[in-house]
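The values are calculated or read from the model by the stated rules, or taken from the named source; none is laboratory data. All values reported here derive from a predicted model rather than from experimental measurement. Please note: Cβ atoms are built from the backbone with ideal geometry, for glycine as well, and neighbour counts cover all protein chains shown. Side chains included, ligands, DNA and RNA excluded: accessible areas come from the protein's heavy atoms. Shrake-Rupley method; radii C 1.70, N 1.55, O 1.52, S 1.80 Å.
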Amino acid sequence: MSIPKKLTNASGIPYAHNEDTMSIGARGPLLLQDFILHEKLAHFNRERIPERVVHAKGTGAYGTFTVTNDITQYTRAKVFNTIGKQAKVFLRFSTVGGEKGSADTERDPRGFAVKFYTEDGNWDLVGNNTPIFFVKDPKKFPDFIHTQKRDPRTNTKSPTMMWDYWSLNPESLHQVLFLMSDRGTPYGYRHLNGYGSHTFSLINDKNEKVYVKFHFKTAQGIKNFTNEEASKMKGDDPDFAQRDLVAAIDKGDFPKWNVKIQVMTLEQSKTHHFNPFDLTKVWSHKEYPLIDVGVLELNQIPANYFADVEQSAFAPAHVVDGISYSPDKMLQGRILAYNDAHRYRIGANYEQLPVNRCPYAVNNYQRDGAMALNGNGGSEPNYFPNSFDHIEADQNYTDPPMELDSNIADWYSRNAEGENDHYTQPGIFYRETLSAQDKKNLINNIVGAMSGISGPKRADIINRQLCHFFRADIGLGMSIAQGLGVTVDESVMKH
Ligand code: NDP
């Protein structure tokens with residue numbers, strides 16, 4: 001038998017009474033001097049940190065990324081530089097709109113955020129289970145997210161807010177179709193694909209650049225709940241996805257994803273038939289075939305959920321040498337927003353928390369702030385340049401210049417030619433990607449969701465959204481109109 005450990009308070013002071021507070025007599029009032037009581041209650045009151053505004057409900061696991069194919073012609077990123085090389089990863093899955101206690105099988109996109117611990121620092125690829133998004137300009141993001149949260153008066157989710165917003169923002173149509181298909185209710189987290197979603201760039205050792213999209217294809221196969229199954233599971237087991245991931249990994253059934261990229265040259269990006277940096281569109285696989293890169297495997301559930309999952313923080317700004325940004329406007333916005341969110345949620349030194357900490361060298365002059373856990377630089381200089389330490393800014397870590405095609409100006413994409421085709425890809429998706437059963441479920445799911453629209457603007461919202469479905473595909477629009485009991489006249493179809 002192991003020797004019992006002594007119970008102590010947070011400062012290591014052993015104490016004898018953990019369940020009864022010192023009082024004046026057996027029935028008397030409690031004494032202020034029993035500070036263990038204060039410490040227990042005060043710490044308990046502070047157990048919650050602010051919930052993430054989006055992606056609050058999630059789970060995560062550690063694993064490995066292994067390179068299986070040589071892509072060094074495109075990138076000098078060290079994580080990819082040798083076939084067989086492995087990097088440790090942490091992956092957090094999540095739903096988006098629901099609170100921390102919400103059900104895992106809600107209809108929602110799923111977050112797919114990967115942290116690669118590389119020798120050039122931590123690379124965060126903060127994606128979703130869809131290759132596209134609802135909006136393409138970050139200024140729209142807070143408004144859009146408000147519609148996915150609770151109505152300010154009723155404090156309930158509101159189909160009216162959602163469809164009002166979507167119908168007024170037709171660029172959302174592609175993602176709305178994905179969301180309303182059965183991929184909007186995935187069977188846990190193991191059976192979905194992940195996508196970096198944004199266009200990023202890769203830079204090789206000759207300083208040549210290409211644009212890139214990242215794909216993580218589930219080796220478990222795609223598996224979804226139908227709408228009915230997902231609704232039932234909300235009651236049966238609201239933590240279904242969390243439980244499923246933990247159970248699989250704990251029994252050694254390690255989930256895997258095949259990591260692939262699509263590559264577009266700078267020349268191709270200039271002549272591509274739509275803006276390749278538009279997050280509401282995909283790059284066709286026929287034009288830009290998937291290239292194998294490696295395998296990501298999850299094989300360890302963190303010992304403590306709060307320590308590693310709740311405190312994990314991913315930032316699209318965190319790319320490593322050989323990987324860089326693109327003019328994708330949503331990516332540009334997220335480069336700012338994510339680090340800011342983490343500093344608010346877990347503090348200025350959030351990157352010193354074990355799950356976020358780079359396991360390789362971190363040398364800089366950032367000091368102090370709440371929770372400076374890493375020794376705070378000890379007695380080393382806290383300014384740069386200085387005559388005492390030997391830390392240098394290595395000029396080899398420089399990106400090639402990004403070519404721009406316009407002047408800085410009040411330039412708004414909604415006015416630009418070629419930026420407003422919101423219908424071609426949703427039409428292809430409906431006609432060519434979905435099976436007959438997928439189409440049937442999609443239509444039923446949309447009709448069910450739109451039936452929840454209520455209030456004086458109901459007819460306006462439905463008609464406006466129907467116009468978008470018609471523009472993508474007449475048959476799709478017709479089926480949804482019929483399902484909603486709306487009589488379609490010529491004017492709706494031409495609107
Ligand atoms: P492809 O036929 O080569 O690719 C179609 C893709 O659609 C596959 O990656 C497939 O993923 C995915 N898919 C299949 N069913 C669904 C579904 N119900 N919901 C979401 N995705 C699904 O054609 P293209 O590359 O030319 O794309 C055609 C259309 O497919 C696009 O307009 C877009 O709407 C959709 N799509 C395209 C993707 C891309 O990156 N090119 C990625 C995802 C969707 P899987 O192999 O895992 O089944």
Residue set H342, H285; condition open to solvent by 60 Å² or more (accessible area, probe 1.4 Å) and not basic (K, R); output residue H285
The lone condition P50 fails out of (1) within 24 Å of V320 (Cβ to Cβ); (2) open to solvent by 40 Å² or more (accessible area, probe 1.4 Å) is (1)
Out of (1) within 15 Å of the ligand (Cβ to nearest atom); (2) surrounded by 13 or more Cβ atoms within 10 Å (Cβ to Cβ); (3) modelled with pLDDT of 95 or more, the one G448 does not meet is (1)
Among the residues of segment 139-165, the number that are hydrophobic (A, V, I, L, M, F, W, C), within 22 Å of A56 (Cβ to Cβ) and either in the same structural domain as E106 (by TED's automatic domain parsing) or more than 18 Å from the chain's Cα centre (by Cα) (or both) is 2
(request) Return a yes/no flag: does segment 254-263 have any residue that is among the basic types (K, R), out of contact with any Cys (no Cβ under 7 Å at 6 or more places or on another chain), under 24 Å from G418 (Cα atoms) and open to solvent by 60 Å² or more (accessible area, probe 1.4 Å). (result) no
Residue pairs within 8 Å by beta carbon, gap of at least six or interchain, first lying in segment 422-433 and touching a residue at least 40 places away in the same chain (Cβ under 8 Å) and over 17 Å from W166 (Cα atoms), second of a type in the set (F, W, Y) and within 7 Å of the ligand (Cβ to nearest atom), listed first then second, are F429/F178
Listed by first then second residue, the pairs whose first member lies in segment 186-204 and is closer than 18 Å to K329 by Cα, whose partner is within 11 Å of the ligand (Cβ to nearest atom) and among the basic types (K, R), with beta carbons under 8 Å and at least 6 positions apart or on separate chains, are Y195/K213; G196/K213; S197/K213; H198/K213; T199/K213; F200/K213
The correct count of residues that are away from the ligand (no atom under 16 Å from the Cβ) and either farther than 22 Å from R190 by Cβ or touching a helix residue (DSSP H, G or I) at 6+ places or on another chain (Cβ under 7 Å) (or both) in segment 241-268 is 3
- Quick check: is even one residue across segment 468-481 open to solvent by 80 Å² or more (accessible area, probe 1.4 Å) and at pLDDT 95 or above? yes
Note: among Y195, Y165, just one is within 16 Å of the ligand (Cβ to nearest atom) and open to solvent by 10 Å² or more (accessible area, probe 1.4 Å), namely Y195
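Listed here are the residues, each with its yes/no results for (1) in contact (Cβ under 8 Å) with a residue 60 or more places away in the chain; (2) within 30 Å of A248 (Cβ to Cβ); (3) open to solvent by less than 100 Å² (accessible area, probe 1.4 Å).
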position	(1), (2), (3)
K6	no, no, no
N18	no, no, yes
T21	no, no, yes
G28	no, no, yes
A42	no, no, yes
A56	no, yes, yes
N69	yes, yes, yes
Within segment 427-440, residues more than 9 Å from the ligand (Cβ to nearest atom) and either touching a Pro at 6+ places or on another chain (Cβ under 8 Å) or under 15 Å from E228 (Cα atoms) (or both) come out as Q437, K440
Residue hits (segment 127-138; within 16 Å of the ligand (Cβ to nearest atom) and more than 14 Å from the chain's Cα centre (by Cα)) are K136
When segment 269-292 is checked residue by residue, the ones that are closer than 11 Å to T199 by Cα and either near the ligand (Cβ under 8 Å from one of its atoms) or among the charged types (D, E, K, R) (or both) are D278, K281, V282, W283
Within segment 213-229, the residues that are away from the ligand (no atom under 12 Å from the Cβ) and touching a Phe, Trp or Tyr at 6+ places or on another chain (Cβ under 6 Å) are F225
Exactly one of E51, E47, E19 is among the charged types (D, E, K, R), farther than 30 Å from L202 by Cβ and either in contact with a Lys or Arg (Cβ under 8 Å, 6 or more places away or on another chain) or part of a helix (DSSP H, G or I) (or both), and that one is E51
Residue set D182, D164, D137, D151; condition under 21 Å from A219 (Cα atoms) and of a type in the set (D, E); output residue D182
Expected output for segment 472-483 (first residue part of a helix (DSSP H, G or I), partner aromatic (F, W, Y), Cβ below 7 Å, 6+ apart or cross-chain) is A472/Y423; A472/Y430; L476/Y430; L476/F469; G477/F469; G477/F470; I480/F469
Next on the checklist: Quick check on segment 339-348. Is at least one of its residues assigned to a loop (DSSP other than H, G, I, E, B) and more than 16 Å from the ligand (Cβ to nearest atom)?
Outcome noted: yes
Residue pairs within 7 Å by beta carbon, gap of at least six or interchain, first lying in segment 284-309 and assigned by TED's automatic domain parsing to the domain that holds T265, second assigned to a loop (DSSP other than H, G, I, E, B) and open to solvent by 80 Å² or more (accessible area, probe 1.4 Å), listed first then second, are A307/P354
